[in-house]
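Participant: Here it is, the structure in full.
The values are calculated or read from the model by the stated rules, or taken from the named source; none is laboratory data. Please read all numbers here as calculations on a predicted model, not as lab measurements. Don't worry about glycine lacking a Cβ; one is built from the backbone with ideal geometry, like all the others, and counts go over all protein chains shown. Areas reflect the complete protein model, heavy atoms only, side chains present, ligands, DNA and RNA absent. Shrake-Rupley method; radii C 1.70, N 1.55, O 1.52, S 1.80 Å.
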Amino acid sequence: METKQALRLINSNVRNLAPYHLVREECEIKLNQNENPCDWPLSVKQQAADFCLERPWNRYPNFIPDNLKTDIARYIGVDPQSVIVGNGSNEMLLVLLLAFASKAKSIIICSPTFTVYKLLCEGGMDSRTVYVNLTKDLEYDIDAIKAAVTANPESLLIMCSPNNPVGNTISENDFKSILDIHTGACILDQAYVEFGGFDGVKLLPRYPNLIIVRTFSKAMAGAGLRLGYMAGGSEMIAEINKIKLPYNINFFTENTASLILNNTDWLKSSVKTIIEERDSLYKFLADLPFTNVYKSAANFILVRLLPPPSSLSSSKTKKELFEHLQKDGILVRDVSSYHLLEGCLRIGVGTALENAKLRESIQRFFG
């Protein structure tokens, strides 16, 4: 069989997808992946290293990571039987789509949002996807979402709050008003919730069709661990757990994640500092001649710099700003190819020193 013939065996929806990738760029200041810029203290790392030295590597991890589930459940305020852990929140999204997508008549996604939703829904699941645009101010259009769930009964609704890459949120009251009329399942991705927005976990007893997805990659400063989790009603979680792959969490991640959850003083201090830096950075950016600077409840800020109206204009462009920052050793994320995000860059919040260098570079760019 020739390669061309073999490629025809792959699902055509997968072959038609644009690949999700991030070009690796080496820069002194990395503000393009929404990571916590503060690494964990050496004392915590040493505890993790000691565990790895003592623990046999030739043995499987726990089939059910009960201790970690208990620690996560305590952290968010649910019963351990209401939690599933996985290899990053992306795996949790995949598990949920495997559980819900074939039964749902359609999947509703608010756009722009996290691009992995589209990749999984349209490529992997071959689902009928309904998109609801954010408003012109890049806020959730509550009336449009309600119209979509009404017109598409028993659909799967996926929402992200705070929303990546915009930073907008949905209010608790608006979210409840949607769930009150929604007849299908709802996935609420709260990867950035420690930085802002309401805590969706408290709504789980009222809405058994709601599943919350979260991660250790952002506020928890554990992007290298690849750990995510979901929370829902215990009966729903028991059914969803049937399709989760066994042994999906390695022993290092399991143990280190528990260490993180037992060092919440450092974690809270880190998050508080990032929020303060974000708000300060927003005030600085809002005073500059951007087309828009969007208020954010996450650990990043979206800015828009539209191209000049004519070639005779001396206005700066998004491309010029991106390249200027890169030359100064600062890497941000160009999201201008996203729906409704023409001319937009997403700027992660760094350390105080990194943010100071970012300010100085942007100030020089605008002159």
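Participant: What nm distance separates the two modelled labels at E139 and Q33, each placed 7 Å from Cα along Cα→Cβ?
Facilitator: Result: 3.4 nm between the two label points.
Participant: On a full-extension model of 0.36 nm per residue, what is the gain between F284 and E323, subtracting their alpha-carbon distance, rounded to one decimal in nm?
Facilitator: Result: 12.0 nm gained on full extension.
Participant: Return the sequence-ordered ³J(HN,Hα) values of segment 209-219 in whole Hz as given by the Karplus equation 6.51 cos²θ - 1.76 cosθ + 1.60 applied to θ = phi - 60°, using x for Gly and Pro.
Facilitator: Going residue by residue, I get 8, 9, 10, 9, 10, 9, 9, 9, 7, 10, 4 Hz, with x marking Gly and Pro.
Participant: By how many nm would the segment from R59 to A18 grow when fully extended, if each residue of separation counts as 0.36 nm and the alpha-carbon distance is taken off?
Facilitator: Gain in length upon complete extension: 10.9 nm.
Participant: What does the charge count near K105 come to, summing +1 for each Lys or Arg and -1 for each Asp or Glu among other residues with Cβ under 12 Å from its Cβ?
Facilitator: So the surrounding residues net to +1.
Participant: Still on this model: From the backbone phi of segment 238-246, what are the Karplus-calculated ³J(HN,Hα) couplings (6.51 cos²θ - 1.76 cosθ + 1.60, θ = phi - 60°) in whole Hz, Gly and Pro given as x?
Facilitator: Those phi angles translate into 4, 6, 5, 4, 5, 9, 6, 5, x Hz.
Participant: Output the peptides 206-217, 50-61 sorted from most to least packed, where packing is the average of other Cβ atoms within 10 Å over each peptide's residues.
Facilitator: Highest-to-lowest ranking by the protection proxy: 206-217, 50-61.
Participant: Round to a whole number: what % of the accessible area of segment 119-237 belongs to carbon and sulfur, probe 1.4 Å?
Facilitator: Carbon and sulfur atoms account for 49 percent of the accessible area of segment 119-237.
Participant: Take A49 and N263, extend 7 Å from each Cα along the Cα→Cβ direction, and tell me the distance between the two endpoints in nm.
Facilitator: Spacing of the two 7 Å Cα→Cβ label points: 1.2 nm.
Participant: Using alpha carbon centroids, what distance separates segment 87-124 and segment 9-71, in Å?
Facilitator: If we compute the Cα centre of each part, the gap is 20 Å.
Participant: Another question, if that's okay. How compact is the chain by the rule of thumb for globular proteins, expressed as Cα Rg over 2.2 N^0.38 Å?
Facilitator: 1.03
Participant: Can I ask one more? How many percent of the accessible area of segment 1-81 is carbon or sulfur, using a 1.4 Å probe?
Facilitator: 52 percent
Participant: Work out how much length E235 to L306 would gain on full extension: take 0.36 nm times their residue separation and subtract the Cα-Cα distance, in nm to one decimal.
Facilitator: Going from the current span to full extension adds 20.6 nm.
Participant: Size of segment 1-101 along its principal axes in angstrom, Cα-based, largest extent first?
Facilitator: 53, 42, 33
Participant: Moving on to the next point. Extending each Cα 7 Å along its Cβ direction at M1 and E172, get the distance between those two points in nm, one decimal.
Facilitator: 5.4 nm
Participant: Using modelled backbone amide H atoms (1.01 Å from N, in-plane), which distant-in-sequence or interchain residues come within less than 5 Å of G184's amide H?
Facilitator: E154, S155
Participant: Just to check I understand the Karplus step: with θ = phi - 60° and J = 6.51 cos²θ - 1.76 cosθ + 1.60, what whole-Hz values come out for segment 45-62, glycine and proline as x?
Facilitator: After applying 6.51 cos²θ - 1.76 cosθ + 1.60, I find 4, 5, 4, 5, 5, 4, 4, 5, 5, 8, 7, x, 7, 7, 10, 4, x, 4 Hz.
Participant: With a 1.4 Å probe and all protein chains left in place, how much accessible area per residue does segment 34-143 have, in Å²?
Facilitator: Value for segment 34-143: 52 Å² per residue.
Participant: Which three extents, in angstrom, do the Cα atoms of segment 108-148 have along their principal axes, listed largest first?
Facilitator: Projected onto the principal axes, the Cα atoms of segment 108-148 cover 30, 19, 9 Å.
Participant: With an 8 Å cut-off on Cα pairs and a minimum separation of 6 or more residues, tell me the relative contact order of the chain in percent.
Facilitator: 21 percent
Participant: Averaged per residue, what accessible surface does segment 186-258 expose to a 1.4 Å probe, in Å²?
Facilitator: Accessible area per residue, segment 186-258: 35 Å².
Participant: Restricting attention to the alpha-carbon atoms of segment 71-124, what are Rg (one decimal) and Dmax (integer), both in Å?
Facilitator: For segment 71-124, the Cα radius of gyration and maximum Cα-Cα distance read 13.5, 36 Å.
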